[in-house]
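None of the figures in this text is laboratory data; all of them are computed from the coordinates on show. The model shown is predicted, which means the values in this text are computed figures rather than measured ones. Cβ atoms come from the backbone with ideal geometry, glycine included; neighbour counts cover every protein chain shown.
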Amino acid sequence: MRFHREQFLDLMTFGSCERQMFSELFGLLVGLDKEWRGQGATPEELDLTGFDWDYVPYVECGGNTGAINFGPPVTVYEDAETRVQRDYLGRTLKLCKTTASLPLPLDFPVKTADDWLRLKPLFEFSEARIDWRAVEAARELQREGVLVVGRIPGGWDIARELIGEELACLVYYDQPELMRDILDTIGRTAEQVFERITEKVRVDQLYVHEDMAGKSGPLVGPAQVREFITPYYRRAWNVLASRGTRLFNLDSDGDIGPIIEPLMEGGVNAMHPMEPSAGMDIVALRKQYGNRLAFLGGIDKHVLRRSQEEIRRELEYKMQPLMQQGGMVFGLDHRIPNGTPLENYRYYVKLGRELLGLPPLDGRSKGWGRMGF
């Protein structure tokens, strides 16, 4: 079912909750389509529309807060399995096409403050960051119920892209002034972009991608988040919240439990995908944070490769009445993993709809839209 932006915003901010939202956030992992095709999947099941997932259509707000004025990636080498490219930062990226959807950086451009200064103009503000035709198009679509989304670079994610994951963990200690200048630059840019855009259109949701944690915990501690990332978030959020933005949605895999509070201090009020394998228990977190924090996802994707009895236990726990009081888009905690039997997935969909009081699939209603934003 297609949700209207107001329905989605009300649901996620613990307002009206006339209907639960059951969605597939990201889609199939690379290679699963071949497995399912061999198990008799229909074309509509392969593109997920046959499961008639709930979704809200969205459109970009028309402003770019990341890097600008760079060309497309240059392909260095490519065969049937591998693609090697050089990107706008000068990084070498390797993509294993048969197993992955995101390339792996093999090198990074920033090691010193001088390296950053050479790239800094890519991230500074200019009027070229705003596409006013796109802003107007977003305003028109918003009237039709489409969610308007604004984005900022991740406070951790930008350091990882520029410096690399290992050194990014150390830069807060070894080169704090470099980190402050990076975040001050992109924070000032985001602030200026949103100040201009929101004169013409309301941004419904601010989104930030971080992926700042693994199974053993976050890669940045609470003290570092409060010192560096929280103030950066607030620059964009203060502008947007003052002009009617209701959601600040953070995307991070892994166990982010120790840094949830400082992230919320930055304005974050929704998170996904909430991985159970990393200790993210949305029921326990709901009891801890109440209606201060909404979630998307949270259902263990790995349980789909187990028995139907285990699938039932997972859904009955995650879809209990406490979780059906708003602030929740029920869905898997990331892409549907390889090795998931099609029959198990069909069972998951059928049972989830029953537990949420949604009508059974009738074969006529079809739809899906990515909810991982």
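Pull up all non-local amide H partners of residue 248: gap of 5 or more, or a different chain, and H-to-H distance under 5 Å with H placed in the peptide plane.
Excluding prolines and chain starts, which carry no amide H, the hits are 206, 269, 270.
Please arrange 193, 208 by how many other C-beta atoms lie within 10 Å of their C-beta, fewest to most.
Working: 193 24, 208 29.
Lowest count first: 193, 208.
Using the Karplus curve 6.51 cos²θ - 1.76 cosθ + 1.60 with θ = phi - 60°, work out ³J(HN,Hα) for each residue of segment 76-83 in order, rounded to whole Hz, and write x for Gly and Pro.
Couplings: 8, 7, 7, 9, 5, 10, 9, 10 Hz.
Multiply the residue gap between residue 112 and residue 288 by 0.36 nm, knock off their C-alpha separation, and tell me the result in nm, one decimal place. Walk me through the intermediate numbers first.
Numbers: separation 176, 0.36 × 176 = 63.36 nm, distance 4.12 nm.
Full extension from residue 112 to residue 288 adds 59.2 nm.
Percent of alpha carbon pairs in the chain separated by more than 26 Å?
Working: 37862 of 69378 pairs.
The proportion of pairs with Cα distances above 26 Å equals 55 percent.
With springs only between Cα atoms under 10 Å, which of 33, 174, 184 fluctuates most in a Gaussian network model of the chain?
Maximum among the listed residues: 174.
Just want the ordering: 277, 252, from fewest to most Cβ atoms lying within 10 Å of their own Cβ. Don't jump to the answer; show the numbers that get you there.
Details: 277 15, 252 27.
With the sparsest Cβ surroundings first, the list reads 277, 252.
Charges on Cβ only, +1 for Lys and Arg, -1 for Asp and Glu, centred on the Cα centroid of the chain; of 239, 69, 303, which one is farthest towards the dipole's positive end?
In the chain, that residue is 239.
Test of understanding: ordering 302, 334 by Cβ neighbours within 10 Å, fewest first, what list do you get? Mind dumping the intermediate values first?
On the way: 302 17, 334 20.
In order of increasing Cβ crowding within 10 Å: 302, 334.
Using +1 at the Cβ of each Lys and Arg and -1 at the Cβ of each Asp and Glu in segment 109-245, identify which of 110, 137, 158 lies farthest towards the dipole's positive end.
About the Cα centre, the residue reaching furthest to the positive side is 137.
What is the helix-to-structure angle for 132-143, meaning the angle in degrees between its Cα long axis and the longest Cα principal axis of the chain, kept from 0 to 90 and rounded to the nearest 10?
Orientation of helix 132-143: about 30 degrees from the principal axis.
Compare 264, 274, 21 in a GNM of the chain, Cα atoms joined below 10 Å, and give the one with the largest fluctuation.
Of 264, 274, 21, the most mobile in the Gaussian network model is 264.
Quick one: dipole size for segment 67-171, taken about the Cα centre, charges +1 on Lys/Arg Cβ and -1 on Asp/Glu Cβ, in debye to the nearest 20.
Numbers: 14 positive and 17 negative charges, 16 e Å.
Value, rounded to 20: 80 debye.
Let's see if you can work this out: charge +1 on each Lys and Arg Cβ, -1 on each Asp and Glu Cβ, no other charges. What is the dipole magnitude of the chain about its Cα centre, in debye to the nearest 20? The partial results should precede the final answer.
Values: 46 positive and 56 negative charges, 123 e Å.
About 600 debye.
What shape does segment 1-102 have by the C-alpha gyration tensor, where a ≥ b ≥ c are the square roots of the eigenvalues, rounded means a/c under 1.5, and otherwise prolate means a/b greater than b/c and oblate the rest? Don't jump to the answer; show the numbers that get you there.
Numbers: a/c = 3.63, a/b = 1.33, b/c = 2.72.
Oblate shape, in that a/c is at least 1.5 and b/c is the bigger or equal ratio.
So how tilted is helix 230-242 from the main axis of the chain? Cα-based, degrees 0 to 90, rounded to 10.
70 degrees
Please work out whether segment 48-170 counts as rounded, prolate or oblate from its C-alpha gyration tensor, where a ≥ b ≥ c are the square roots of the eigenvalues and a/c under 1.5 means rounded, while otherwise a/b larger than b/c means prolate and anything else oblate?
Details: a/c = 2.09, a/b = 1.30, b/c = 1.61.
Cα axes put segment 48-170 in the oblate bin.
Return an integer: the convex hull volume of the alpha-carbon atoms of segment 71-110, in Å³ per residue.
Details: hull volume 2.4 nm³, N = 40.
In segment 71-110, the Cα hull volume divided by residue count equals 61 Å³.
Normalised by the number of residues in segment 197-295, what is the relative contact order in percent for Cα pairs under 8 Å and 6+ residues apart?
Working: 161 pairs, mean separation 32.1, N = 99.
Relative contact order of segment 197-295: 32 percent.
In deg cm²/dmol, rounded to 500, what helix-only [θ] at 222 nm does the chain give when every DSSP H run of at least 4 residues adds -39500 (n - 2.57) and the total is split over its residues? Numbers along the way, then the final one.
Values: 13 runs with 129 residues, N = 373.
One gets -10000 deg cm²/dmol as the mean residue ellipticity at 222 nm.
What is the dipole size for segment 15-59, taken about its Cα centre, with +1 at each Lys and Arg Cβ and -1 at each Asp and Glu Cβ, in debye to the nearest 20?
100 debye
Which ³J(HN,Hα) values in Hz, rounded to whole numbers, follow from the phi angles of segment 119-127 under the Karplus curve 6.51 cos²θ - 1.76 cosθ + 1.60, where θ = phi - 60° and Gly and Pro get x?
Per-residue couplings from phi come out as 8, 3, x, 5, 10, 7, 6, 8, 5 Hz.
Please label the shape of segment 135-217 as rounded, prolate or oblate, based on the square roots a ≥ b ≥ c of the eigenvalues of the alpha-carbon gyration tensor (a/c under 1.5 means rounded; beyond that, a/b larger than b/c means prolate, else oblate). Don't skip to the answer; put the middle values down first.
On the way: a/c = 4.36, a/b = 2.01, b/c = 2.18.
Because a/c hits 1.5 or more and a/b fails to exceed b/c, segment 135-217 counts as oblate.
Using a 10 angstrom cutoff on alpha carbons, build the Gaussian network for the chain and name the most mobile of 273, 222, 72.
Maximum among the listed residues: 72.
Calculate one ³J(HN,Hα) per residue across segment 151-165 by plugging θ = phi - 60° into the Karplus curve 6.51 cos²θ - 1.76 cosθ + 1.60, and present them in order as whole Hz with x for glycine and proline.
Each residue of segment 151-165 in turn: 10, 10, x, x, x, 8, 4, 5, 5, 5, 5, 7, 10, x, 4 Hz.
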